[in-house]
Every structure is written in C-alpha cells, then in structure tokens.
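Written out below as structure tokens is the structure these notes cover.
The values are calculated or read from the model by the stated rules, or taken from the named source; none is laboratory data. All values reported here derive from a predicted model rather than from experimental measurement. In this analysis, Cβ positions are derived from the backbone assuming ideal geometry, glycine residues included, and neighbour counts consider all displayed protein chains.
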C-alpha cells in the first residue's frame, strides 16, 4: 500500500493531495488572509546553519502560497544550543499566524533527554511541515570489510569516532554503535561533521558518518577510490512509522537491515527503543516548522495547505538540490504523526539514555 | 585545462551583471568595514537573504566581493579611532593609532592599504595554485599539529607583554580562564556558567575585543577636551610616504602575506589571532624595536598584509572540504548551498570554473576596495578633527550594536560593560591587553586540540614530524623575542615603565588582589568536575595565580623600582581637562546599559544620545536632535536589514503586546 507520505513524492501527486486537503477544509481557510502582513520565521540558530539555510530556502515558496502572500522573513535568535530561542518563542510568540518556529534535532534532543533548561513543550506546538534528512555511516576500506554482515570481524577492535558531543546530533550514531555492539571510542569537541570527516581522512578517526549531501560530494569519491566502505544509512520513516531505505541511497542497507546482517535477527530492547526515538528526532523528522500553542485551527490549516502547495511547486522541486535532497517532505495531515514520533520518547528509554550518558560520558542533565 | 578555466572565469567575472553584483558586495563590505566592531559575519548576514534565487556567479561575486573590502576598510577605525574595525584588525591599533595621533594618519592608512592590497592579491594567487594541491597539506594538520599552532600563538605573549613578562603571563592566564567559560570541549560539562544559558557557549569574541580595546579608548579620549588628531591637519601628509614604506619593507610584506595565507589555509586556528601572530613576528624579527607601540609603520604593514592574505588562504579549506575557517566562511558556505553548490573535491574538478570565478572576484574586489578606501580616506579622516564629545556617543552606539550581534541578547551588553571595566583597569595598571586577548581566543582551541590529540594518538603525538617542526619554530620565536629584553625592550603595549612615583599604591594592589580572586574562583568552580573537564582550567588558574602572587609582592612592599609596579594614573595628567572623567564615563555606560534593561535598546539609545549631547557635549537642541535622529536612523536601517529585534527591557516585555517595532 502506498502511504500518504509517499504520495508527496511526485509533484503531480502532491498537487492532488493539496487539492484534496483544500476540499476537506472548506470555508474557514478562506477567512485567513495575511495580505500586507509580515510573517516572522524564528530560527533558534545563527545565520548560515543548516536550519537557517532550510528556512531561507522555504521562505519565498511559503510566502507565495500563504493566503494573501505575506512577506516572510527569517529571524535568527541564536544561543544556548537553540534552547534560548525556542524558550523565547514558547513564552512570547503570539498565536496569530505571524510567528512560525523552525527547529532541528538539536532542539528536540534536550527536550527528549529532560534537560532542565528546556522551557518549551514540543507537544503544544502545531506542526505544519516536517523535513527529514539522512546520513550514511562508513569505515576505512583497510579493515577488509565489504558490508555490514562482516562487522563481527571487527567487534573486538576499538574504533574511533570524532564526535561533536555526547548530547549533540552525534548521539544518534553513538546509540547506533551501542545497539550494534561495536567498540567505539568517542573523541569529543569537533565543531561540525566536516571536522569528523577530516579526522577520518587523516586516519585519526576510523568510523564516521556524513549527512546525505556531504556524503554524496565528499565521501562517494573516497568510496570510488577504494578508501572507504559504506556500512549503513539511517533510513527514513514511512507513515506507519517503519524504517525504510533512504531514497538517496537505495543500494545501501538501512540501520535495521545492517543489524540483521550482522546479528541474524532484528534489533529489540530498551537501547534500541532509545535509538529509534533519537533517530526519529535527529533524522527522520529532523526539522519541523511549528505554530505556537493555541493557534486557531483555520490558521494551522492555511499553513499546512501552503506548505503542501509549496512542496508541490515545480519551482521548488527544480531548486531543492542540496537543501532538501531526495527526501519526501511531510506536509498536510502527515506532519502530525511524524512530528509526534519525533517529539516523544518512552520514559523507560529516556531513563536508560540518561543513565548511559551519565555512566559512560559523565553527562548530567539536571 | 587549468589555464582555460582561469581565463574563462575571468570572462564570466567581467560581464556587466556579475560586475554589478560584485560592486554590491564591495559597497556593503565598505560600510560594514568602516563601522567599528562589525566584521565579516555581519556583512555576510546582510547579504545572505539576497542570495536566494540569484544565479551562481552573481551570488558568489556579491559574497566574495565583500570580503577583501572589509579587511581593507576596517583599518579606518583601527588607525583613526583606536577602536578595532573588526576582530581581525586589532593589532593594527598598536601602531596605527599612535601614528594618527602624531598626525601621520595618511601615512599609516596608505601603508595599510598598500599592504592589504598586496596581501589580498597574494592570497588570491595562493588560492589559484594551492586549491589544486593543498589537499595533502591540509590533511597533514591533525589535532596534534593544530595544538602546536595554538602554542605558537600563545608564545607571542612573550613579545607582547611590555615591561612586565609576569603581567603578560597573568593577563594571558586571565584570558584563558575567561575562554574556559562554557561547555568543556572534552566532556560537555558547563564551567563557570552560573547556571545560565547565555554563558553555555562561552563569552563571544566580538564583545571581548570591543571591551578590551574600544571601551577603554573611548573613555581615554573623553578625558581630553579635544579632537583625536593632536595636530591641526586631520590626515597629515604622507600618502606617498606610506606607499614607499610598504615598498621599503617589501620582504616583510611578502613574509607576512605568506604567513597569512598559510595560517588561513589551515582550518581550526581561526582568523582572529593571525594579526597578533604577524605583529609578534615583526617585533621579533626587527633590530630596532624602540618605536613599536608608539607608531612604527612596520606594526601596521605586518598585520594588514597578513589579514588580507588570510582571506584567500581561508577559502582553500572552505572550497576543498566544506570546512569553514571562520564565522563569515560558515555563512558563505550556506550561501553556496543555497545556490546549489556543495563544496568538495569537485571544486577542483568539474567546478573548477566556479573556484576561479571566486579567485577573480577576490582579486578584482581587492583592487576596487583599495581604490575606494583611498578616495574616501580624506572625508572619513575628518572625524578625527571633530570634537570627541560629539563622536563618542556614535562610537558607543556602534560598539554596543556590534556587541549584541552574536546572541542578540541583553546580556551581551552587560558583558560588554563588565569586561569594559576590566579593560579600563588592565590598561590603567599596565596589564597587556593583547596577551589577555590571545589567551582568550586560543583557550578553547588549545584545550580542544590537546585533548583530541591525546585521544587520537596519545603522548606519542610529540614525535610527529610537523609537530617537531612547529616546536622548533616556537623555540626560535621565543628566543627571538627574548633578545629584546637585553636590547631595546619589548613592545610597549600599555604605557612605559618609568619608575613609578604614584602617591597611592593601593589601587594596583587591589586590582592584583581582584585578579587573584578570579583565579581562586576558577579553581573553586572547576575542581569538582571530571578530570578531563578540569585539568585545563585548573592548570591555567595555577599558572595565573603564581604570576599574580609574584606581581602583588613588590606592589605590596611598595617597591617602586619594580617592573611590576605601574599605574597609568601617575602621569595623569596635565591635559586632563576633558568633559568626562573615568568614573563618570563608566557611570554613563552603566546608565545606558541599565536603561536598555528597562526600556529596551532603541529608546535607551535615543535617551542616551539626548542626555549625553546636552550634558557632556553641551550641544544646542538643534544639533542634539539632528545627531540623535541620525543615530536612530542608522540603527533602524541596520536592524531592519538584519531582521533583528534589538535587546529588550523589562517595561517593553510588560507592554509587549501593545508595541510595534522598533519599540518592541
């Protein structure tokens, strides 16, 4: 069965979906009119970061498809690893449809971990767009391993991963390695994934991952030169919440497949639950756009429809290139379940992660 | 193929459309460069919103066109006003500003511009060639090598310490301790953050630079009832002299350009210390050092050629690996991705044309920028002939506006005020501020790279060939610097040390005691952390504590012949007839920051302008209104171009729902 989220892939199909949405919500949406207004899209990061680029890419299309074609501007509120700006948005933004928030995995992670400095409740926001992203884990070819099924051969060997920090997005590979049973030493303090790739190319790091576009431009040449071997991609989530292969890397197994190739059975257990929660928040639903708590349903609908139309816009499809990659953008009603998966965690899994970080990396979150 | 690509790219650059966008970048760079404190990050942020939807070569021309002009134009503030034009041009102040005071502003500026032009073109040439072959070089610099480069930077403290090496070490340790605020690189533990989100990422560099150099300088100039230029003529003559100076020191210019290109090319050191390394280098390698810090033109040429060459070098890792060497490069990368270019190996393969478009844009913008700066210089220099009481509020406006760029927070302004007072005291008691700044900038990198090097390769990293080479360079550099103490003495960064005849010894004793308290606090705050999180701050605190104790001893004993005894107020001050004394100056700043906390930045600024101009400058109402209006207009223009909400106050928060921008 073709999931609703898959429908958004083809531009034509998405137009139909958008039209369906429009029919499903007659009347109220027409009352929403932003003409002559300015929409502020809050980004809790500084200029030039991934979320900033993502929002700047979407802004003109959002403006074109919102009723009344308002002016959409990006407002950067950086600091505190995105907690500051999101706290401020939660406390201050008015639910009038003129303030929109765009966050990232680094905003969801402290929320999921129960960081006491977080003053926002993700469940209160109204998601109107969810953008997934992906990444591929790779190792040096010199290990003599051709794919994940042979990973057992290096189970005893200590691998080195150049990490941005235990509670950064690099928590996802950390948990992936833990679930797989790999022996990995994490060296912290990298200032970006590019640093990690450089450490890998120097031979300082012996396992690494890159997000999709960086993998395609910078690691594929290494793979082609016979210097690196891809192990697995993180994959994407379909509408039923199942992990599927990453559309950018149809030939690379996703994490669950890799686990089965290595261990002969599908993964399970509390560590795996924790991995899934942070994988969803960090990759499968990395960047949500949200309206403040208490926004009127017709405004939420207007935004969902505008994003559905924006994603279906042939101009956006032609220009999306590196920014959105091959990923299906969750729009319309599809945003809700995906957003929910990405912003919730089983209490037991949360406690397990907190304990894991405390015992292995001395991270305390209180 | 390379030559073809090179000339094809030149053809692209010289089309009218491309050239138009290049000029847009150049003009933005010029304005941002002239305004003190604002640097590449602000310039790039201003341009980024326009990138979207532009074709690739035009967008690149616009973004790249800004960079070299900014590096040239930021010299104005450094030379003419003694305020860092951006965080890359701090070292230029040491000799450039004394030259301006002596009536040699024209000579200093033209030497700076020619050195910049040469450095910039050199950087572009390096980029052309090195982008093809730099991959192995960049890959050979791992964490261990970067740590050694950090040590190299720290070794410059030796020559920048002025009369007291102990004070240099203690000031550097103070900077390192301040740099340790925030998350520890190795463990992510928060240190000395007082539980606030604001300090989680550490103190922003822009604020430290402005607090150390701009805040004290404005206060100092306000003490005199005069203009900046002590002679009648604003610029003086010497345009040709400046060019001849650069020519006379052509080998120095070349050496420093090479240094800048290489340091720019190695990602991880960051752009904000290369000017100090260049300055340290020129001092070390000069025979006659008596004039450094008092207006030696070599002290202008060296940092200016280095910082301009750095831009071209810095693009090499940005394009080859997609790794930004600085904050402005990070935004440039975002711009590239928005126009559909992902940096990587393809930039020297199928996208070589794009790379060379960047090279040409860089070179052409360099030339245009230099010409524009020379044309504008006489007009801009008139600011030094205006009564300083009229200039000061504008300076305070620009530095406060620049200060809240990093996190757009009210706390940015509080930090500026607190560190500004520290800067005033450091200056008064002869603690070298360059040493403090170098320590601050290199704190995070030093700790991070040492930890990473140990994690990656253990203590054996000391045996790596490049590590040994850099180690030898450090020894050579320290030796060259140490020669100074026998001969002409090292640079006078903070007043000269004649035998102190101050009537009161207690102010310096109190300040040194305060410094000791900071180190004790650092120990107290970090001793409970995990080993990897505390080893660096504790080491820094112990070194600083030892140095500070050795400083306070002669001060306590009242040994006036000691090198450690110095109080800038001693020689105060026959010409101390200005409108605002130091205490009142700090009170003005505190009132301004307090008012912002109450009514927000915009209203507080208007009130500050009116009050300052009426009370201090004794302006007429007409003049007051015109100047205040100009200030308000400038702030609104910048803030709306950057889409930003200015720091808000308590009353504003209370009435938030009833207010409209810019009041809210």
Restricted to the stretch B:331-371 and to residues being in contact (Cβ under 8 Å) with a residue 60 or more places away in the chain and within 23 Å of the chain's Cα centre (by Cα), the residue nearest to the other protein chains (Cβ to nearest Cβ) is B:331
Of the residues in the stretch B:324-338, those that are modelled with pLDDT of 85 or more and either part of a loop (DSSP other than H, G, I, E, B) or not assigned by TED's automatic domain parsing to the domain that holds residue B:58 (or both) come to none
Quick check on the stretch A:49-67. Is at least one of its residues surrounded by fewer than 24 Cβ atoms within 10 Å (Cβ to Cβ), touching a strand residue (DSSP E or B) at 6+ places or on another chain (Cβ under 6 Å) and either free of Cβ contacts under 8 Å to residues at least 12 places away in the same chain or in a loop (DSSP other than H, G, I, E, B) (or both)? no
Considering B:27, B:35, B:16, which residue is under 14 Å from residue B:72 (Cα atoms), without any contact (Cβ under 8 Å) to a residue 60 or more places away in the chain and either under 20 Å from the mean Cα position of the chain (by Cα) or assigned by TED's automatic domain parsing to the domain that holds residue B:124 (or both)? B:27
Unmet criterion (only one of (1) crowded, with 22+ Cβ neighbours inside 10 Å; (2) more than 14 Å from chain B (Cβ to nearest Cβ); (3) part of a strand (DSSP E or B)) for residue A:208: (2)
Closer than 24 Å to residue B:151 by Cβ, outside any helix (DSSP H, G or I) and either within 14 Å of chain A (Cβ to nearest Cβ) or in contact (Cβ under 8 Å) with a residue 60 or more places away in the chain (or both): does that describe residue B:550? no
Taking the residues in the stretch B:36-57 that are more than 12 Å from every other protein chain (Cβ to nearest Cβ) and buried (at least 24 other Cβ atoms within 10 Å of the Cβ) as candidates, determine which candidate is nearest to residue A:49 (Cα to Cα). B:39
Please count how many residues of the stretch A:325-366 are closer than 16 Å to residue A:132 by Cα and either modelled with pLDDT of 90 or more or away from every other protein chain (no Cβ under 11 Å) (or both). 18
Residue count, the stretch B:176-211, condition within 9 Å of chain A (Cβ to nearest Cβ), assigned to a loop (DSSP other than H, G, I, E, B) and touching a residue at least 12 places away in the same chain (Cβ under 8 Å), comes to 6
Identify, from the list A:144, A:203, the residue that is more than 11 Å from chain B (Cβ to nearest Cβ), closer than 28 Å to residue B:454 by Cα and at pLDDT below 95. A:144
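To keep it simple, each residue is scored yes or no on (1) crowded, with 19+ Cβ neighbours inside 10 Å; (2) assigned by TED's automatic domain parsing to the domain that holds residue B:427; (3) out of contact with any helix residue (DSSP H, G or I) (no Cβ under 8 Å at 6 or more places or on another chain); (4) over 30 Å from residue B:162 (Cβ atoms).
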site: B:565; (1), (2), (3), (4): yes, no, no, no
site: B:586; (1), (2), (3), (4): no, no, no, no
site: B:593; (1), (2), (3), (4): yes, no, no, yes
site: B:605; (1), (2), (3), (4): yes, no, no, yes
site: B:608; (1), (2), (3), (4): yes, no, no, yes
site: B:622; (1), (2), (3), (4): no, no, yes, yes
Let me confirm something: among A:302, A:296, A:349, A:284, which residue is crowded, with 24+ Cβ neighbours inside 10 Å and over 28 Å from residue A:213 (Cα atoms)? A:302
Quick one: is residue A:106 within 12 Å of chain B (Cβ to nearest Cβ), out of contact with any strand residue (DSSP E or B) (no Cβ under 6 Å at 6 or more places or on another chain) and under 25 Å from residue B:49 (Cβ atoms)? no
Being modelled with pLDDT under 90, more than 14 Å from chain A (Cβ to nearest Cβ), in contact with a helix residue (DSSP H, G or I) (Cβ under 8 Å, 6 or more places away or on another chain) and farther than 27 Å from residue B:442 by Cβ: is that true of residue B:384 here? yes
Restricting the stretch A:229-261 to residues that are out of contact with any helix residue (DSSP H, G or I) (no Cβ under 8 Å at 6 or more places or on another chain) and in contact (Cβ under 8 Å) with a residue 40 or more places away in the chain, the one surrounded by the fewest Cβ atoms within 10 Å (Cβ to Cβ) turns out to be A:240
Quick check on the stretch A:290-309. Is at least one of its residues touching a residue at least 40 places away in the same chain (Cβ under 8 Å), assigned to a helix (DSSP H, G or I), out of contact with any helix residue (DSSP H, G or I) (no Cβ under 6 Å at 6 or more places or on another chain) and within 14 Å of another protein chain (Cβ to nearest Cβ)? no
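Here is a yes/no grid of residues against (1) modelled with pLDDT under 90; (2) within 14 Å of chain A (Cβ to nearest Cβ); (3) part of a helix (DSSP H, G or I):
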{"residue": "B:588", "(1), (2), (3)": "no, no, yes"}
{"residue": "B:592", "(1), (2), (3)": "no, no, yes"}
{"residue": "B:603", "(1), (2), (3)": "no, no, yes"}
{"residue": "B:606", "(1), (2), (3)": "no, no, yes"}
{"residue": "B:619", "(1), (2), (3)": "no, no, no"}
{"residue": "B:646", "(1), (2), (3)": "yes, yes, no"}
{"residue": "B:653", "(1), (2), (3)": "yes, yes, yes"}
{"residue": "B:660", "(1), (2), (3)": "yes, yes, no"}
{"residue": "B:663", "(1), (2), (3)": "yes, no, no"}
Residues located in the stretch A:42-82, provided they are at the interface with chain B (Cβ under 7 Å from one of its Cβ atoms), modelled with pLDDT of 90 or more and farther than 14 Å from residue B:644 by Cβ: A:53, A:56, A:57, A:60
Could you tell me which residue of the stretch A:147-184 is surrounded by the fewest Cβ atoms within 10 Å (Cβ to Cβ), considering only residues that are more than 14 Å from chain B (Cβ to nearest Cβ) and in a loop (DSSP other than H, G, I, E, B)? A:156
Scanning the stretch B:521-548 residue by residue, those farther than 23 Å from residue A:363 by Cα, surrounded by fewer than 18 Cβ atoms within 10 Å (Cβ to Cβ) and in contact with a helix residue (DSSP H, G or I) (Cβ under 7 Å, 6 or more places away or on another chain) turn out to be B:543
